[in-house]
Structures are given as C-alpha cells and as structure tokens.
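Enquirer: Structure incoming, see below.
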Amino acid sequence: MLAPMAIAPRTADELLRDVPVIRDLPAQDLHALAEGSEIRKAAKGAPLFSEGQTAEGFFVVRTGEVKLTKSGRDGREQIIYLARPGRPIVEGIRFDGGNYPATAIAMRAASAVLMSNELLATLGERRPQIYRSLLNLLAKREAKTLKLVSDLSLRTVPSRLASFLCTLVAARESRGEDARNLVRDLTTETVAGRLGTVREEISRGLALLEREGALKVTPDLIEVVDVQRLEAIAFGRKKGGGGS
C-alpha cells in the first residue's frame, strides 16, 4: 500500500493570490513581489518578529498559525489578531526605518513569506499600484484595530465573548460545518488574550451565557443552544435587526 503523499506548502505566487486587496494587483506585479520574497520560519512558541525590532516588511503566513500580540507591564497579553495560512501581517510595512509595534508568535510551527520594505519600495516606485494596495491593506487593518480598541473600552466581557462566539458560529456555517457544537480547540488563555481579559473572566462569562440560556458548557464542548439569545447579548439586539 502506498503511503499518502505530503502536500507541499503553497508557493509565494499562490499565497499572494489569496491575500485581500493584494490579489487584485496585475499578475506581473504579484509575480514580482513573490520572486523577491524569502521564507521565514518560527518554531512553536518562538517569535517571527518581536516588538521594538527594526521592521522588515510585509509577511504572509504560509504554514501554521501566528498570533500578533501586545504585552502589558503586568504581563497580561492582548492578542490583536490571529493569522493563518494565506493571511497577511502588515505591521512591519514601514519606510521610515521604524520598529515593529507588536510581537508575532508562532502558535504552532509556522513559516511565512517576507517581502522586505526595500523590495516594496523598489517595486512601488516602478509600479505605484503596489503602493496603493499596501496603503489599502494597512487601512483595513487599522479599521479592525480601532474596532478592537472600541470593543475593549466600551463592551463588557460577556458581550465581547458572545460576539466572539457568534463569529465562530458564522465562520463554521459559511464552511458548511457544525456551527452549534464548538469544540474547544482554542484554550481559555487564548480566548482571554483575544478579548483583552484574563481566563477567570472568560470562565465567568461562559457561566453567565449558560445561565442566560444561550449556551451549554462542558469541559470539551460549547453547545450553542440559542443563537438569537447569544446575538442579543453580543450586539444588544438581534444581529441585523432594526432599531428606532
């Protein structure tokens, strides 16, 4: 019996065709970016780059999963976002010699394609559409970061947790997966990091959502019992509903 063949990681050309905004560039521009790129690797738990280091450029995750984080003086970690294969990390795009504003850590062994700022500048001078695409990509990330800041500042932990779970449900539904039974593949610490709190607050939030009738929680599974109730807690009313 033949052993199954390993699936080779996608090439830089293939990855860039999946990146929002960047994929709209002409094929020759995508190829020029890919041709000038290099591969960076990080072991599980190791940084792809660290806050304060000189920013090198534009990353696209190739294998594994990478979290972008900020740490407070008290040691608490805030996860800004998670990047899976095909997703961009844009915080290193700088042309002023500045530093990374956050740290990117491999949640499991990971690799990423790096397009250096020198490459971006050289190609951008010849192909202005590359500059425009990078600006648009940075603007999209800034909008998401501002939403995160707003959530952390203005919403309670149960509300943020309910919103997070609603996002998981929607993502699973879009992939045709079981959206009611959420296997707890994300640790409580990881969820706490994404929501800007501590694991004890996440545990209390899950207990509250269970008391409210939105969830049924066991050590290995979160069952979404009432999606509308979950959305009401997350968004203040049924998601997409009108208001007077």
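Enquirer: Distance from the Cα centre of the stretch 22-86 to that of the stretch 141-181, in angstrom?
Expert: Measuring centre to centre over Cα atoms gives 22 Å.
Enquirer: Okay, next question. When the dipole is taken about the Cα centre of the chain, and only Lys, Arg (+1) and Asp, Glu (-1) are charged at their Cβ, what size is it in debye, to the nearest 20?
Expert: Dipole size: approximately 440 debye.
Enquirer: Still on this structure: Past the 35 angstrom mark, what percentage of all C-alpha to C-alpha distances in the chain do you count?
Expert: Roughly 23 percent, once rounded to a whole number.
Enquirer: Picking from ALA207, THR190, PRO158, whose Cα lies most toward the positive end of the charge dipole for the stretch 147-211 (charges on Cβ: Lys, Arg +1; Asp, Glu -1)?
Expert: PRO158
Enquirer: Given only helices, namely DSSP H runs of n ≥ 4 each adding -39500 (n - 2.57), what is the per-residue ellipticity at 222 nm of the chain, to the nearest 500 deg cm²/dmol?
Expert: -12500 deg cm²/dmol
Enquirer: Another question, if that's okay. Residue-wise, which Karplus ³J(HN,Hα) couplings in Hz belong to the stretch 33-45, taking 6.51 cos²θ - 1.76 cosθ + 1.60, θ = phi - 60°, and x for glycine or proline?
Expert: 5, 5, 5, x, 8, 9, 9, 10, 10, 9, 6, 3, x
Enquirer: Among rounded, prolate and oblate, which fits the stretch 157-235 when a ≥ b ≥ c are the square roots of the eigenvalues of its C-alpha gyration tensor, a/c under 1.5 means rounded, and a/b larger than b/c means prolate?
Expert: Since a/c stays below 1.5, the shape of the stretch 157-235 is classed as rounded.
Enquirer: Of the residues ARG160, ARG76, ARG175, which exhibits the maximal mean-square fluctuation in a Gaussian network model of the chain defined by a 10 Å Cα contact cut-off?
Expert: ARG175
Enquirer: A further question on this structure: Placing +1 at every Lys and Arg Cβ and -1 at every Asp and Glu Cβ, with all other atoms neutral, what dipole size does the stretch 157-235 have around its Cα centre, in debye to the nearest 20?
Expert: Here the stretch 157-235 has a charge dipole of around 140 debye.
Enquirer: If you place +1 on the Cβ of every Lys and Arg, -1 on the Cβ of every Asp and Glu, and leave all else neutral, what size is the dipole of the stretch 12-145 about its Cα centre, to the nearest 20 Debye?
Expert: Details: 20 positive and 17 negative charges, 98 e Å.
Its charge dipole is roughly 460 debye.
Enquirer: Have a look at ARG194, ARG94, ARG172 and tell me which one the Gaussian network model of the chain (Cα, springs below 10 Å) gives the largest fluctuation.
Expert: ARG172
Enquirer: Relative contact order for the chain: what is it in percent, counting Cα pairs under 8 Å that are at least 6 residues apart?
Expert: 18 percent
Enquirer: Go through SER71, SER111, PHE59 and say which Cα lies farthest out towards the positive end of the charge dipole of the chain; charges sit on Cβ, +1 for Lys and Arg, -1 for Asp and Glu.
Expert: SER71
Since every read-out is calculated from the coordinates, none of them should be taken as a lab result. Computed from a predicted structure; not experimentally measured. As a convention, Cβ positions derive from the backbone with ideal geometry for all residues, glycine included, and neighbour counts pool all protein chains shown.
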